[in-house]
Structure formats: C-alpha cells, structure tokens
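First up is the structure itself, then whatever we jot down about it.
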Amino acid sequence: MSMSVAAPQAKGKCAEDTIFAANNRANALAEKIGVDKVTNGTVGSLLDEDGNLVMLDVVQKSYKALIPKEIVAYAPIQGYPDYLEAVIEQCFGESRPDGYIRACATSGGSGVLHHVIHNYSEWGDDVLTSDWHWGAYNSMCIDNGRKLREFELLDGKDQFNFASFKEHVTDMVSKQYNTVIIMNSPANNPTGFALTEEDWDHVLAFLQDIIKNKDKNIILVSDVAYLDYSGEKNECRKFFKKFGNLPANLLVVVSYTLSKGFTMYGQRIGAMIGITSNADVAKEFVDVNQYTSRATWSNSNSAAMKAMVNICKNPERIAELDAERAKYFQLMKERAAIFMTEAAVADLKILPYLSGFFITIPMTNSKAVCDILERQNIFLVPLKKGIRLAVCSVSKKKITGLAALIKTAIIEAGAQQ
C-alpha cells in the first residue's frame, strides 16, 4: 500500500481528464505524421478550416492596445466596475431581467460553478444537473463534499424531460434547505440541446410553486458558456427576461465566461451574475462570493478584463465582435449540417442538436468505439453513454464521411445505440 500524507477528505483523489487526454494523443500523433492526417474532434475551442486555434481579430487588437499597467496591475477582488457593467450588458443584451443584478469576476465559468456549489449548498448535499453534462460538474461537487445528482434531460420524444426534472427537484427540496440546480442551456455541452421558452416557463413556474411559503431556497444556475454561438444575438437571449421578478428565495446565478464568446480560453476570466428581487440577497451575493474569490484565487485576470472593456465601450468594436461571432456560428452550422445529413444516411442516431460546439452520438461501449476510431487517426471523446464530437474544431473537409466511419466502428465494437 502506498504512503499518503493527504488529509482524509483528499486521499485517493486522482483524475486524468478524458478530454485533455484524448486531445494530447491527437496532438502527439499530428506532430508525428502531420495535422492533415489526423482528425481531432476533442477540442472544445474554435478552430478554423485550416486547423488553427481562433482568436477573434477584435480581441487580438484590444490585447495589443493594452498599456503595461492594464496588464500587470492587481484588479479589485470583485472585478473592475466597468468590466462588471460590460459583462452584464454583453450577457443579457436586450433581455435584461428586472430586479437587483450584481456581478463578481471569476476564474472562467468554472469559477462561477465552484462558488455556487461552495456557498449555496451544504456539505453532503446533492446538486442537480442533467444526465448529459460537462464532466467537471462532478469533480467540483466531489471536491467540495457534495454529490452530483442527475435528471434525464430528454424524454422518449427527444424533448425536455420536465417530469424527470420535477421528480428530482421535489425530492431534493423535501430533504435540503437549499437546492442548487445547474442548467446548461442553450447549446448544452455535450449535446447541443436547448430548453425552449415554454420549457423555461414550466421550469420557473414549478420552482416558484414548490418553495412557496416555505423556509427553503432554490439557486438556479444558468450555465451559458456557449451562448454566443447558439443563435441570433437577440433571439437566443430572450429567455433571460424570464429571470426577473422571481420570489426572494429563488436566486438565479448566470455563469458567464469570456472563454468562448471572446476566445479567451486560457485567460480564465468570467463572471457570476446574480438576479434577485431582494436587496439583501443581492448584497449577500457580492459579499460571500468575493470573499470566496479572495480565499481561493484572490483577484482575477486584469488584462483580460481590460481587453473586454476596451471592446465593449466602442460601438464599432462591438459590431466587429458580433460579425466575427456570426461568421463562426455559421461555420459550425455548416459543419453540423454535413454531419447530421450523413448520419441520417448512415442510420447513425444522434441526440437533438440545435447549436453550439458539440454533437453527441448515444451508444454503449463508447470507449471501445473510440479506440477503433483512434486506429484510423480519428480522436473523439468517450462519455458514459455516448461519444462527443466537437464540431467547433473539425473542418468541413474532415467531418465529411465521419458519420459512416463512426457507424462502422459501432458495428465492429458490438456497441448498441
């Protein structure tokens, strides 16, 4: 037995991220035999048609315009005031909800999720999300002494499974003081699915009803990491308006990140945006979360915040930003259309994809299927119940014919859909 000096709650922690592991293997092979001979469908970042990592031109220019002080200075713990204003404006657009809205800078969207789990659930609590979710949700819960609980995202008609959601929330509210729910929509990772406006109406009406006249709270986390590639700018934001005028014991926290919309993946900058009808809850939101920031990473990336501000204070740069995003949104739509059309021909089932970076192919024995594909220099991400394909990173040329190859690998592996 190996020696350990870790505290009891930390013993045994060890994880190699499946996504980064597959990406590392793909990159190593590409260096050896050439990028053109490798299909890397693991990367959760925008790549152009030549396989180059995209950094939006307007963002590059904004970075180059920074002065030394903006790059190296310590930022306020909560974040620069003009950054927080820009985050709120960029997130909500024309659909800003009514109520007290407060924001705190975080280390990407991950920082938002950490803070919500840490500050709004108790040790041993369940935290609810859908069965199709980003794997790091589970790691964050475990590392904070919580358990991730899953409702079924899709029903038998491939629509939002409100019945499953309702069942789990009802049980959690009966047992816990606070119920934290993480809803990754629109452009769900890994499926590309999104709740409709009617789905949101049902969800919010139910959540209000179940805690009415009770000493219980619900904290609803709206994870919108892929918002800027989920549809027309104003249309895809309309659901935000529904978060206004909710009861004081229903707090909505939007997890906003600059990783995707501003292509600042490695800069690790985002913001948690609280929406509440109660002034005390709004003040507490800032107090407890900036305290946890100070106790975790202290303050956030100054240069990234200033680069965003320099874009958002200039209408011409905002127009340039919107145009670039629209271009890459269209590119992903074209890639996804190729794959979905060929999947139908190959009788390859995929989960309902509406927008975003990823498409998911449901199946058993996903690891074996991915192993077979890797022998053909095709790298995808195996999940518990399927395989994730990053349409954000696979060119139209390489995505052509991929559905048929996946179908053949499923048959060879003896997997079932």
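So here's what we get for this one:
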read-out	value
Area accessible to solvent at H202, 1.4 Å probe radius, in Å²	100
Where N is the number of residues in the range 212-340, Cα Rg divided by 2.2 N^0.38 Å	1.25
Largest-first ordering by accessible area, 1.4 Å probe, given options E342, E31	E31, E342
Spatially proximal lysines relative to K397 (Cα-Cα < 18 Å; intrachain offsets below 8 disregarded)	K37, K327, K333
Local electrostatic count, G44, Cβ distance below 13 Å [Lys/Arg +1, Asp/Glu -1]	+1
Gyration tensor over alpha-carbon atoms, the chain, equivalent ellipsoid semi-axes in Å	33, 27, 22
Heavy-atom accessible area per residue - the chain, 1.4 Å, Å²	45
Value of relative contact order over the range 199-272, rounded to a whole percent, pairs C-alpha under 8 Å and six or more apart	34
Spacing of the two label points (7 Å from each Cα toward its C-beta) at V5 and D171, in nm	4.3
Solvent-accessible surface (1.4 angstrom probe) belonging to L389, in square angstrom, nearest 10	0
Rounded to 5, percent antiparallel among DSSP beta bridges of the chain	50
Pairs beyond 24 Å (Cα-Cα), from K238/K283; K166/K242; K69/K313	K238/K283
Theoretical FRET efficiency, 1/(1+(r/R0)^6), r = Cβ-Cβ of S298 and T408, R0 56 Å, to 0.05	0.65
Förster radius 25 Å - calculated FRET efficiency between E150 and D347, Cβ distance, rounded to 0.05	0.30
Whole-percent pair-distance distribution, where bins are 5 Å wide, for the alpha carbons of the range 267-366	2, 9, 11, 11, 12, 12, 13, 13, 10, 5, 2, 0
Computed lengthening from D322 to A21, 0.36 nm per intervening residue step minus Cα-Cα distance	105.1 nm
Percent carbon-and-sulfur accessible area, the range 244-301, ignoring ligands, DNA and RNA, probe 1.4 Å	47
Spacing of the two label points (7 Å from each Cα toward its C-beta) at D371 and D287, in nm	5.5
Angstrom value of the Kirkwood radius, inverse mean 1/r, which spans all Cα pairs in the range 146-244	14.4
Over the range 236-293: Kirkwood hydrodynamic radius from C-alpha pairwise inverse distances, Å	12.9
Placed amide H near L56: partners under 5 Å, 5+ positions off or other chain	none
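The values are calculated or read from the model by the stated rules, or taken from the named source; none is laboratory data. Since the structure is predicted, the reported quantities are computational estimates derived from the model, not experimental observations. Positions of Cβ are generated from backbone atoms using ideal geometry, with glycine treated the same way; all protein chains shown enter the neighbour counts. Ligands, DNA and RNA are stripped out before the accessible areas are found, and what is left, the full protein with its side chains, is counted by its heavy atoms. Shrake-Rupley method; radii C 1.70, N 1.55, O 1.52, S 1.80 Å.
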